[in-house]
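Take a look at the structure set out below.
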């Protein structure tokens, strides 16, 4: 995995993780990377300094500030709100998500908003077939 500092044409800065640099380029060319503030898909990598992990002979550095600063708490709250909204307004089709999404896309099932599970490969195949899918961000609490 690789983390890139990104910026949109409007000057907003943000970060995102990608499996590798080729995945970033492919997603950027397809317009799948959007600014979280203005939704612009005119996104480019920003200049980054490498992260160097280490400490001096006196020992490891002390943690500076709280682990979850106010901005991170706000982002977590927004993601939680978004998830609640999605869950309240979609049908959960579980592991059948890829098949149901394809059926809706083909017109074999009535159009409706759905959610469920798909592997990374299944999601990639759906996107390549032109089926609109959007991963829902997971929170650390979801993994406990």
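Here, each number is a calculation from the coordinates, and none is a lab measurement. Every value quoted in this text rests on a predicted model; they were computed, and no experiment measured them. Cβ placement follows ideal geometry from the backbone for every residue including glycine, while neighbour counts extend to all protein chains displayed.
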So, with points 7 Å from each Cα along the Cβ direction, the residue 76-residue 112 label distance in nm works out to 3.4 nm
Length released on extending from residue 3 to residue 69, taking residue separation times 0.36 nm less the Cα-Cα span:
21.8 nm
Once you have a ≥ b ≥ c as the square roots of the Cα gyration tensor eigenvalues for region 74-144, tell me rounded if a/c is under 1.5, and otherwise prolate or oblate according to whether a/b is larger than b/c.
prolate
Is region 1-48 best put as rounded, prolate or oblate by its Cα gyration tensor, with a ≥ b ≥ c the root eigenvalues, rounded for a/c under 1.5, and otherwise prolate when a/b is larger than b/c, oblate when not?
oblate
